[in-house]
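Only the coordinates and a few stated rules stand behind these numbers; no lab work does. All values derive from a computational prediction rather than experimental measurement. Don't worry about glycine lacking a Cβ; one is built from the backbone with ideal geometry, like all the others, and counts go over all protein chains shown.
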Amino acid sequence: MHLQLDRTLTYRLHQLHKLTDADSQSRYPKHTGLSMSDGRCLTTIGTFEPLSVKELAEKANLNKGQASRAAQSLVDQGLVLKVDHPDDGRGVVLTLTPAGRKIFKRAMDMVTQRNEEIFGCLSKAEQATLSSTLDRLIAHAQSH
């Protein structure tokens, strides 16, 4: 007997992703003045800075072209500083500007609130179990 499609992990993760993305599409502009993609890149840079464009792509789950365009958009808005990489003449390093830090804080407050809303239906123990299970699934998928 085959597993029903709507009971598979990938189907349900995709469904949850679509449901939460729809809400994020409206929240990012309202809370940060940024598009969802720029907001996600800003929070990624703020969380993991300093980052190269390649690292931004990896951390934000984008291709290098998308990451490069998003980084440039944030630079053009005065939210991210892009300087030459000290060890790689072809690379750059991305960090937040003071204005970027202010929006980063608002964005992370929004992300935290949204995370609490999504996981609020689970007990703290269930949240911890789900978190560790997701970590294991991600590590497993990365190893293949």
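Given the -39500 (n - 2.57) contribution per DSSP H run of 4+ residues, what per-residue ellipticity at 222 nm results for the chain, rounded to the nearest 500 deg cm²/dmol?
-23000 deg cm²/dmol
Check residue 80: other-chain or 5+ apart residues with amide H under 5 Å from its amide H, H built from backbone geometry?
Close amide H contacts, sequence-distant or interchain: 75, 97.
Counting other beta carbons within 10 Å of each Cβ, put 118, 45, 138, 103 in order, fewest first. If you can, show how the numbers build up before the last one.
Working: 118 13, 45 27, 138 10, 103 23.
If I rank by nearby Cβ atoms, fewest first, I get 138, 118, 103, 45.
Check cross-link reach from residue 105 to the lysines: straight Cα distance under 22 Å, and skip same-chain residues fewer than eight apart.
Counting by Cα, and skipping residues close in sequence, residue 105 has these lysines nearby: 30, 59, 82.
From a point 7 Å beyond the Cα of residue 8 in the direction of its Cβ, which residues of the stretch 101-144 have a backbone N at a distance under 17 Å?
What the label zone holds, given the 17 Å backbone N cut-off, is 141.
So how strong a dipole does the chain carry about its Cα centre when Lys and Arg Cβ are +1 and Asp and Glu Cβ are -1, to the nearest 20 debye?
The calculated dipole for the chain is roughly 220 debye.
At q = 0.11 Å⁻¹, what is the base-10 log of I(q)/I(0) for the chain according to the Debye formula with one equal point scatterer per Cα and no solvent? Please give it to two decimals.
For the requested q values the scattering log ratios are -0.51.
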